Amino acid sequence: MSLFFALSTVAILMVMGLLVDGGGALNAGNRATSLAQEAARTAGQQLDPAQAIEGTAITIDPDAAVAAAQDYLAAAGVEGDVQITDGGQTLHVTVHDSYDTYFAQFVGVGAITVTGTANAHLQTQAGG
């Protein structure tokens, strides 16, 4: 009976560990994606004023956009990469974060690395 109890206890602890650490890693991944989306939105607001005022084009100011996204990510306490493509019309933000495990550290996994990505495309309205 004690062997059954011992094996059952280990199995229950393993399932609990999977639920707690797996759920925590999923939440950390969702947070990373959310932060990437917000950083992309923040960067997308940094328009090139010279082209916008002249009316020649509405594009993102690359330096200001990257700085705004990096500032947002730094304030959130994460690191990430910002890329501007499509002639200043599209932003791609990747956030790198980690989740410190509770149960998995007993089998040698102290942290789970998560990544979140987001794209923002500059949209303009015709005639206004």
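Where a number appears in this text, it was derived from the coordinates with a stated rule and is not lab data. Because the structure is a prediction, the values reported are computed rather than measured. Glycine also receives a Cβ, built like all others from the backbone with ideal geometry; neighbour counts cover every protein chain displayed.
Some points to look at:
- Ellipticity estimate at 222 nm from DSSP helix runs (n ≥ 4, -39,500 (n - 2.57)) divided over the chain, nearest 500: -17500 deg cm²/dmol
- Under the Karplus curve 6.51 cos²θ - 1.76 cosθ + 1.60, θ = phi - 60°, whole-Hz ³J(HN,Hα) for segment 19-31, x wherever Gly or Pro sits: 5, 5, 6, x, x, x, 5, 5, 5, 5, x, 5, 5
- Local electrostatic count at Ala28 - Lys and Arg +1, Asp and Glu -1, tallied over other residues with Cβ under 15 Å: -3
- Shape summary of the chain, radius of gyration then Dmax from alpha carbon positions: 21.8, 83 Å.
- Fully extending the segment from Ala11 to Gln45, taken as 0.36 nm per residue of separation minus the present Cα-Cα distance, adds 7.1 nm.
- Quarter the surface of the alpha carbon convex hull of segment 65-128 and you get the mean projected area, 6.1 square nanometres.
- Taking one quarter of the surface of the convex hull spanned by the alpha-carbon atoms of segment 26-90 gives a direction-averaged projected area of 4.4 nm².
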